[in-house]
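The values are calculated or read from the model by the stated rules, or taken from the named source; none is laboratory data. These numbers were taken from a predicted model, which means no experiment stands behind them. With ideal geometry, Cβ positions are generated from the backbone for all residues, glycine too; neighbour counts draw on all protein chains shown. Side chains included, ligands, DNA and RNA excluded: accessible areas come from the protein's heavy atoms. Shrake-Rupley method; radii C 1.70, N 1.55, O 1.52, S 1.80 Å.
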Amino acid sequence: MTEWQQGIDRRLPWLGSAVTITPLQNPRWLAWSDATAALLELQQTPQLLALCNGEQSLPWPPFAQVYSGHQFGGYTPQLGDGRGASLGMRNGWELFVKGSGPTPYSRQGDGRAVLRSALREFLASEALHHLGIATTRALGLIGSDTPVYREQPETGALTLRVTRSHLRFGHFEYFHYTGQHDRLAALVDEAISQLFPHLREHPQRQLLWFTEVVERSAQLAADWQAFGFCHGVLNSDNMSILGETFDYGPFAFLNQFSAGYICNHSDHHGRYAFDQQPGVVLWNLQRLGQALSSQLTAAQIRSALAQYEPALVARYLQRFADRLGLTNTNHDDLPLIAGLLQLLESQRLDYHISLRRLAECDPNAANSPLGAASQSWWQQYQQRLGAITDVPRWQQQRRAANPAIILRTHLAQQAISAAEADDLAPLQRLHQALTRPYDPQPEDHHYCQEAPPWSQTLTLSCSS
Ligand code: AMP
Ligand code: MG
C-alpha cells in the first residue's frame, strides 16, 4: 500500500515555510494524466481534489521552498515558491500544487496561476515526456471560478506538478549568497543521498554530483535543440538539478525553423532565444558552480564544467543520428546537420514536418522530399547514408525518432479557448494525441499540419 510521506521539509525544515492553501471557488478536474497517476498510485477522486485545493490536509502542512536566482542575467536575492507548495510524497514522487495562493515568497504576486498558463504547463509536461525529453510531470489540471486579474480578468487554476525533487540551482545560490554554508553543505548531502544514491559512498561525491548535474543539463539542452523546443525563461531558478525541463511559462516549439527564434515576448534582447539555450544553460551551471565554491575547489568546478560541451555535442549527435538514421555518428556529421538547418531556415520550412517527411520518404529516391532547393543537401545525405536495403524497416525506425504531433502554440491556444468556454473536448483530444507523438492515429491528422497564418500573431509573455 502506497502511503503519503512528508517531503524534504521533514529533514530540512529551514528550506522554506509551512503554508496554507487558499482554496479556489468551485474547483473541478479539467485534465488528468493516467501515466503520472500510476507513479504515485493516485486516483482522480473528490478527496484528492479537496486535498489539492486546501480543503483537506495531510498530517503535515503544505511547504513552500525558498530559493533565489539569476533572472535575465541579474541576481535576485530572494525568490521562492510564491504561488505553490509541496503537499507530500508518494513512492518517492513529490506532489506540488501551482497556483494555490500567496506564500511568504509571493512578493507583489497574487499567488495564482491563470487557466491558460496552468493548461499549457499540463500539456507541455505530457508532451515533452512522451517525446522522450526529461521533464517534471503533471498529474492533473484543476479549474475554478475564482477571478484572477492579469491584463484582463481570467480564472484561477492549479497545475499538479510531480517530480522526484524540486531542487533548483537557485536553492544553492540562496544559501551561498546568504552565507549559510552549513546549510548549503547539508543541502548538497541531501541532494546526493536522496537523488544521486549511486554517488553516496564515494569520497569525491560532491565533485561527481556537480559533474553529473553538468552532464544532465547538457543532455537536456541538446534534446531541446534537437526537438525544436524553446523554454523561454531560462533563469537559474528555473533549472532543476535533475536535468529536467522545469517551470513552463512562455515556452514554444518552433514552427518554421528559425535559429534565433524568441518565444518570450518579454525577452527584448533575445537572451533566451532558441539558439542561445545551450550557452545559457552553461552560464547557469557556472552560476551553480560559483554557489558551490565553499564546497568544491576552483579546479574541481572547472573540471566539472569542462564536461558540458562534450556531453552536449554527444547527445546532440546521438539525437540527430536517430532522427536521420546515421550510423557510427561523429563530429564529421555536424556540418550535415547544420546544412539541413540552414536549408530549412532559408526555405522557411516547418522544422517538425520536414524531419518527419525525411523519415517517411524513400531514402534511395533521386529527388529530395524537401524540394528542389535541397537537392545538393539530399545528395550529401544519401552519400552519408549509403544504400538502404530494408527501406520499410529504416522508415519505421525513423518514424520512431521523428514526432508527427507537436504541441504547437496554436494547438494549445485552441484547447485554452475552448476550456475557457467550458468545452473540455479539444483539451482532452489534444492531450490524448500528445501521448502518441510518434504514432499518429487517423483522427490526429489536423495535429500534424503546419501552423496556420493566424497563429503567427499569438504572443506569449511571462504574465501567467
Ligand atoms: P516564474 O517566472 O514563474 O518562474 O516565477 C518567478 C518567481 O515569481 C517564482 O518565485 C514564482 O513563485 C513567483 N511568482 C510568479 N508568479 C507569481 C504570482 N502570480 N504570485 C506570486 N508569486 C509568483
Ligand atoms: Mg520559476
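The value of relative contact order for the stretch 1-158, using C-alpha pairs under 8 Å at least six residues apart, is 26 percent.
Let me know the whole percent of all Cα-Cα pairs from the stretch 237-357 that are separated by more than 19 Å. The calculated P(r) of the stretch 237-357 puts 60 percent of pairs beyond 19 Å. Compactness check for the stretch 1-56: Cα Rg over 2.2 N^0.38 Å is 1.34. Of the peptides 200-208, 382-390, 405-413, 255-263, the order by per-residue mean of other Cβ atoms within 10 Å, starting with the highest, comes out as 405-413, 255-263, 200-208, 382-390. Between 0 and 90 degrees, the angle of helix 277-291 with respect to the longest Cα principal axis of the chain falls at about 30 degrees. Taking Lys and Arg as +1 and Asp and Glu as -1, the other residues whose beta-carbon sits under 11 Å from that of residue 350 total +3. Taking the DSSP beta bridges with both ends in the chain, the antiparallel portion is around 95 percent. Annotation: amide H-H contacts under 5 Å for residue 266 (H modelled 1.01 Å from N, sequence separation of 5 or more, or interchain): 462. A 1.4 Å probe run over the stretch 8-163, with the rest of the protein chains in place, finds 36 Å² accessible per residue. If you take every residue apart from residue 309 with its C-beta less than 12 Å away from the C-beta of residue 309, what net charge results, scoring Lys and Arg +1 and Asp and Glu -1? Within the 12 Å Cβ shell, the charges total 0. With only Cα atoms counted, the stretch 324-464 has Rg and Dmax values of 17.8, 54 Å. Farthest towards the positive end of the charge dipole of the stretch 355-464, among the residues 425, 445, 377, is the Cα of 377, using unit charges on the Cβ of Lys, Arg, Asp and Glu.
Ordering 255, 270, 206 by Cα displacement along the dipole of the stretch 201-402 toward the positive end leaves 255 in first place; charges were set at the Cβ atoms of Lys, Arg (+1) and Asp, Glu (-1).
With an 8 Å Cα cut-off and a minimum separation of 6 or more residues, compute the relative contact order for the stretch 49-112 in percent. Present the calculation step by step, with values, prior to reporting the outcome.
Details: 111 pairs, mean separation 16.9, N = 64.
After rounding, I find 26 percent.
Working note: Karplus 6.51/-1.76/1.60 with θ = phi - 60° gives the stretch 303-315 the couplings 5, 5, 5, 5, 7, 4, 5, x, 5, 5, 5, 4, 5 Hz, where Gly and Pro are set to x. In this entry, the stretch 201-402 is assigned a mean projected area of 13.2 nm², taken as a quarter of its C-alpha convex hull surface. In order along the stretch 145-158, the phi-based Karplus estimate (6.51 cos²θ - 1.76 cosθ + 1.60, θ = phi - 60°) of 3J(HN,Hα) comes to 9, 5, x, 10, 9, 10, 5, 9, x, 9, 10, x, 8, 10 Hz; Gly and Pro are listed as x.
How large is the direction-averaged shadow of the alpha-carbon convex hull of the stretch 8-163, in nm²? The partial results should precede the final answer.
On the way: hull surface 39.0 nm².
Over all viewing directions, the stretch 8-163 projects a mean Cα-hull area of 9.8 nm².
Using Cα-only point scatterers and the Debye equation, what is log10 of I(q)/I(0) for the chain at each q in 0.08, 0.09, 0.11 Å⁻¹, rounded to two decimals? Ignoring solvent entirely, the Cα scatterers give -0.48, -0.61, -0.91.
Summarise the accessible area of the chain (1.4 Å probe, protein heavy atoms) by the percent that is carbon and sulfur.
Working: 9210 of 18920 Å².
The computed percentage sits at 49.
In a reduced charge model with +1 at each Lys and Arg Cβ and -1 at each Asp and Glu Cβ, the stretch 201-402 shows a dipole moment near 180 debye about its Cα centre.
The long axis of helix 205-227 is offset from the longest Cα principal axis of the chain by roughly 50 degrees. Dipole magnitude for the stretch 120-248: about 160 debye, using +1 per Lys or Arg Cβ and -1 per Asp or Glu Cβ, origin at the Cα centre. Per residue, the average separation of C-alpha pairs within less than 8 Å and at least 6 apart gives the stretch 196-310 a relative contact order of 32 percent.
Across the stretch 406-414, rounded Karplus estimates of 3J(HN,Hα) from the backbone phi angles (6.51 cos²θ - 1.76 cosθ + 1.60, θ = phi - 60°) give 10, 6, 6, 4, 6, 5, 4, 5, 5 Hz, Gly and Pro being marked x.
A cut-off of 5 Å between modelled amide H atoms, ignoring neighbours fewer than 5 places along the same chain, links residue 148 with 154, 155, 156.
For residue 404, the residues whose modelled amide H falls within less than 5 Å of its own, excluding neighbours fewer than 5 places apart on the same chain, are 438, 439. Rounded to the nearest 20, the size of the Cβ-charge dipole of the chain about its Cα centre is 400 debye, with Lys and Arg at +1 and Asp and Glu at -1.
Please sort 172-179, 396-403 by packing, taking for each peptide the average over its residues of neighbouring beta carbons within 10 angstrom, highest first.
Working: 172-179: 20.8, 396-403: 17.9.
Going from most to least packed, we get 172-179, 396-403.
Taking every protein chain into account, the accessible area of the stretch 201-402 amounts to 41 square angstrom per residue (probe 1.4 Å).
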